[in-house]
Amino acid sequence: MRTLVVDSASEACSVALFDDGLLADHRHEVIGRGHAERLVPLIAELADGARADGLAVGCGPGSFAGVRIGVAAARALALGWGVPVRGFSTLALVAAGAADAIREAGGALVAMEGGHGQWFVQPFAADLAPRGAVRSLLPDAAVAAADPLVIGNRAEAFVARRGAGRALPLLPDARSFAALPDSALFDDPSPIYGRAPDARPMAAR
């Protein structure tokens, strides 16, 4: 059973191929922008063209464009190959990347860039189960969270602003998929935006 894992919700473009749960190949590039141009070629670089029996895709929250690109690419490949595709939260993937540290700390808060000066934050338990919903908050509101361990691309800024705790800077990495609990996966993946869209319909005149 081969599984192709894709996440492009952050400045990282990350893909991994698992064979019976073991990592067979991967690519991980921090590109900032340009996921639409880089993601599919990155997948094609994987062993055997990344052909898999199933796919899993990070659905965000994160960059609006990056989330949509990743989900669309995974769904298109699944349709073309005639295989199933499942989704997972990108914040859960970040937590999975620090599974040992979270277990030792008894839980942690994931803090990621949310855009418009806000951060996406979500607490996770020692077993990587979410302890609350994803929230998009301004930094001063976000740092009210009490978790001593903070993980993510805004972890250092979070701990510095709060003045206490331990920061573990981390970006989503498809290789961390192996540490995700089964409960983190869901069917019919679609984007998780984490906050209201920037564009709003105009009021009728």
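The values are calculated or read from the model by the stated rules, or taken from the named source; none is laboratory data. The structure presented is a predicted model; accordingly, all values stated were derived computationally and were not measured. All Cβ positions, even for glycine, are placed from backbone atoms using ideal geometry, and neighbour counts span all protein chains on display. Just the protein is used for accessible areas: all its heavy atoms, side chains included, with ligands, DNA and RNA removed. Shrake-Rupley method; radii C 1.70, N 1.55, O 1.52, S 1.80 Å.
Return yes or no: is Arg27 under 21 Å from Trp119 (Cα atoms) and of a type in the set (D, E, K, R)? Judged against the criteria, Arg27 is not a match.
Is there a residue being closer than 23 Å to Glu113 by Cα and surrounded by fewer than 17 Cβ atoms within 10 Å (Cβ to Cβ) anywhere in region 49-59? Walk me through it before giving the result.
If we filter region 49-59 for residues that are closer than 23 Å to Glu113 by Cα, which is where we start, we get 56-59.
Retained after the next criterion (residues that are surrounded by fewer than 17 Cβ atoms within 10 Å (Cβ to Cβ)): none.
Checking region 49-59: not a single residue is closer than 23 Å to Glu113 by Cα and surrounded by fewer than 17 Cβ atoms within 10 Å (Cβ to Cβ).
Conditions (1) of a type in the set (S, T, N, Q); (2) in contact with a Leu (Cβ under 8 Å, 6 or more places away or on another chain); (3) part of a helix (DSSP H, G or I); (4) closer than 25 Å to Ala133 by Cα, marked per residue:
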residue: Arg27; (1), (2), (3), (4): no, yes, no, no
residue: Glu37; (1), (2), (3), (4): no, no, yes, no
residue: Ala52; (1), (2), (3), (4): no, yes, no, no
residue: Ala56; (1), (2), (3), (4): no, yes, no, yes
residue: Gly66; (1), (2), (3), (4): no, no, yes, yes
residue: Ala72; (1), (2), (3), (4): no, no, yes, yes
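If you go through region 1-17 and keep only what is open to solvent by 10 Å² or more (accessible area, probe 1.4 Å) and more than 14 Å from the chain's Cα centre (by Cα), you end up with Met1, Arg2, Thr3.
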